[in-house]
């Protein structure tokens, strides 16, 4: 059962993002019914990173809907990215609407039934990256007023945890014939640079093995 408290003004505030998102799905159901694309009886929705392009600098994915056949319980799973600012709940909702369209038509693409439903609901722009049009934005603003603040702390993708650097392999190359080897800084300091079969000493070419 959802945990919630009621303010003196009667406005309901949810204590978790998932409770807020589930309440949002319920509040959005009439919009889908109005365009004759009712939502499935149950949809799992949570705040989480999409499986692809979640942290991309360009064309970042901010929502994802998994089809019913991917789930052991036969229900859609929707994820809304934690990178969407909590100060912009309308953006959270229009992202949710986009993913709910996928759930309603139960197809992964953005053509045909998806596009027809998205446009009917008031989503605009490129179908792979929609935003709410003016009329839908008004409806979503009313939903936000009903739900209260989105209880979420926005994550900054630029500050994501990084793997601790262990021993880095240095790439060495012979300037005469291009022959390459790899070694560590420790061996270079202790034993010096290795010698190429041609007789020349290898020299450092790059310090990051990932550049390959």
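Here's a check for you: in the range 30-43, which residue that is touching a helix residue (DSSP H, G or I) at 6+ places or on another chain (Cβ under 9 Å) and free of Cβ contacts under 8 Å to residues at least 40 places away in the same chain is nearest to residue 74 (Cα to Cα)? Step through it out loud before you land on a result.
Let us first name the residues in the range 30-43 that are touching a helix residue (DSSP H, G or I) at 6+ places or on another chain (Cβ under 9 Å), namely 31-32, 34-40, 43.
In the following step, the residues that additionally are free of Cβ contacts under 8 Å to residues at least 40 places away in the same chain were identified as 34, 36.
Working: 34: 25, 36: 22 Å.
Filtering the range 30-43 for residues that are touching a helix residue (DSSP H, G or I) at 6+ places or on another chain (Cβ under 9 Å) and free of Cβ contacts under 8 Å to residues at least 40 places away in the same chain, the one nearest to residue 74 (Cα to Cα) comes out as 36.
Taking the stated definitions as given, is residue 90 in contact with a helix residue (DSSP H, G or I) (Cβ under 6 Å, 6 or more places away or on another chain), modelled with pLDDT of 95 or more, within 22 Å of residue 145 (Cα to Cα) and in the same structural domain as residue 55 (by TED's automatic domain parsing)? Talk me through it step by step, then tell me what you get.
Numbers: in contact with a helix residue (DSSP H, G or I) (Cβ under 6 Å, 6 or more places away or on another chain): yes; modelled with pLDDT of 95 or more: yes; within 22 Å of residue 145 (Cα to Cα): yes; in the same structural domain as residue 55 (by TED's automatic domain parsing): yes.
When the stated conditions are applied, residue 90 passes them.
What's the total number of residues in the range 111-145 that are loosely packed, with under 12 Cβ neighbours inside 10 Å and closer than 20 Å to residue 21 by Cβ?
2
If the Cβ limit is 6 Å and pairs must be 6+ apart or interchain, which residue in the range 127-143 that is under 14 Å from residue 34 (Cβ atoms) pairs with which residue that is at pLDDT 95 or above and assigned to a loop (DSSP other than H, G, I, E, B)?
135/122; 136/122
In this structure, is residue 37 more than 22 Å from the chain's Cα centre (by Cα), over 21 Å from residue 17 (Cβ atoms) and not in a helix (DSSP H, G or I)?
Considered against the rule, which asks whether it is more than 22 Å from the chain's Cα centre (by Cα), over 21 Å from residue 17 (Cβ atoms) and not in a helix (DSSP H, G or I), residue 37 comes out as yes.
Which of the residues spanning the range 115-131 are touching a helix residue (DSSP H, G or I) at 6+ places or on another chain (Cβ under 7 Å) and under 21 Å from residue 48 (Cα atoms)?
Result: 130, 131.
Could you tell me which residue of the range 150-171 is modelled with the lowest pLDDT, considering only residues that are more than 21 Å from the chain's Cα centre (by Cα) and surrounded by fewer than 17 Cβ atoms within 10 Å (Cβ to Cβ)? Walk me through it before giving the result.
Applying the first criterion (more than 21 Å from the chain's Cα centre (by Cα)) to the range 150-171 yields 164-171.
Okay, now just the ones that are also surrounded by fewer than 17 Cβ atoms within 10 Å (Cβ to Cβ), so 164-169.
Numbers: 164: 59, 165: 55, 166: 61, 167: 65, 168: 75, 169: 82.
Checked the range 150-171; the qualifying residue modelled with the lowest pLDDT is 165.
Please work out if residue 176 is without any contact (Cβ under 8 Å) to a residue 12 or more places away in the chain and either surrounded by fewer than 16 Cβ atoms within 10 Å (Cβ to Cβ) or over 19 Å from residue 47 (Cα atoms) (or both).
Here the answer is no, as residue 176 does not meet what is asked.
I'm trying to understand the selection: among the residues of the range 109-129, which are over 19 Å from residue 30 (Cβ atoms) and within 23 Å of the chain's Cα centre (by Cα)? Steps first, please.
Keep residues of the range 109-129 that are over 19 Å from residue 30 (Cβ atoms), which gives 109-115, 124-129.
The answer is 109, 110, 111, 114, 115, 124, 125, 126, 127, 128, 129.
The values are calculated or read from the model by the stated rules, or taken from the named source; none is laboratory data. The model shown is predicted, which means the values in this text are computed figures rather than measured ones. With ideal geometry, Cβ positions are generated from the backbone for all residues, glycine too; neighbour counts draw on all protein chains shown.
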